[in-house]
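So the structure is just underneath, and the comments pick up after that.
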């Protein structure tokens, strides 16, 4: 029986990783023709999994999460009708996230599989990117940066490293609280090193913030010793850090946020607003600052594709989540990387791994009084009414 349980948890983990975590990386480094093939295969898998999980999908315990999901779908439809375009993924993504949320909540998982995922990410990026660099730190911007991956730039690296580890951390805390914190902290430190080499400004900031959060939560007694040692290291290596910052564009006035494509996008987003676009978003329009139809800002992206009403409600839910933070499993401090990263990138909503944000928003702590006792204390199904 124990072997069967382990085997099932491994299978559950593989399903979760394959359908909800890996697709973004896979579709970023294959030909566009194959991207559509992968999408169709994934849709078939989601339909099959939805049919398999149908007895849970409409449970009353998930009513708030389902309402949140349908809000994205409803306003996404309104956005597409008013702006005259169609994007099936924008409408499917919230439903995919809901399916991933329910699947994660209802099933046992084997976290050794997640460790293999993280290590595999490192090996893949070392082979595809890091082994081909002329220098690890003090190098001029590589004009062939976009050629390392077929459909994106090397900013794929911090995105995948940060968000995959973030999802692993959230799932681990929900299932086993702090059991995997030490290994996740080690991974967070490795991420900082690799992203420093890759030189994504937003990625460097978020990876350091996330590492500090992990150090504070995992080694709280030694946190200040670590923080002071880090500051001393910065002071000793200040000249190198200044030179490095100039190379990646972190200090020069020409490369500050307001003159960067992200800042110009945000400025253009607001200056072009009229009554219709204010309430219903732009949909698939091209921003001249970047020549992309997407906005590299998470909250503006939600506004653009799901209307002002959705981003307003989303922000209100985050504020309520802060006010009621003691009732939830994931500490609110974990929203800091998501919010700050969201100011520079739009890697969530819509995306395959949005379920991890659902988990942060909605999974509550188990009640301490009147908690039903189950014969199997390791059951993956929580007590009734612990979920909103």
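Considering only residues in segment 325-357 that are more than 11 Å from the chain's Cα centre (by Cα) and farther than 25 Å from residue 103 by Cβ, the one that is modelled with the lowest pLDDT turns out to be 344. Here residue 28 passes the criteria (1) surrounded by fewer than 18 Cβ atoms within 10 Å (Cβ to Cβ); (2) closer than 21 Å to residue 284 by Cα; (3) under 19 Å from the mean Cα position of the chain (by Cα); (4) without any contact (Cβ under 8 Å) to a residue 24 or more places away in the chain except the one numbered (4).
Summed over segment 322-337, residues that are in contact (Cβ under 8 Å) with a residue 40 or more places away in the chain and in a helix (DSSP H, G or I) total 4. Residues that are loosely packed, with under 14 Cβ neighbours inside 10 Å and out of contact with any helix residue (DSSP H, G or I) (no Cβ under 8 Å at 6 or more places or on another chain) are absent from segment 71-78 altogether.
For beta carbons closer than 6 Å, sequence separation of 6+ or different chains, a first residue in segment 102-129 that is in contact (Cβ under 8 Å) with a residue 60 or more places away in the chain and on the phi < 0 side of the Ramachandran plot and a second that is surrounded by fewer than 18 Cβ atoms within 10 Å (Cβ to Cβ) and not in a helix (DSSP H, G or I), the qualifying pairs are 107/380; 108/380. Being assigned to a helix (DSSP H, G or I) and surrounded by 15 or more Cβ atoms within 10 Å (Cβ to Cβ) is the filter here, so list the residues in segment 79-88 that pass it. Matches in segment 79-88: 79, 80, 82, 83.
With respect to residue 263, determine if the residue is more than 30 Å from residue 174 (Cβ to Cβ), over 20 Å from the mean Cα position of the chain (by Cα), modelled with pLDDT under 90 and not in a helix (DSSP H, G or I). So residue 263 fails the test. In the set (1) more than 23 Å from the chain's Cα centre (by Cα); (2) touching a residue at least 24 places away in the same chain (Cβ under 8 Å); (3) within 29 Å of residue 364 (Cα to Cα), the condition left unmet by residue 83 is number (3). Taking segment 118-160, which residues are at pLDDT 70 or above and more than 24 Å from residue 31 (Cβ to Cβ)? The answer is 118, 119, 122, 133, 134.
The values are calculated or read from the model by the stated rules, or taken from the named source; none is laboratory data. On a predicted model such as this, the values are computed, not experimentally measured, just so you know. We place every Cβ from the backbone using ideal geometry, glycine too, and count neighbours over all the protein chains shown.
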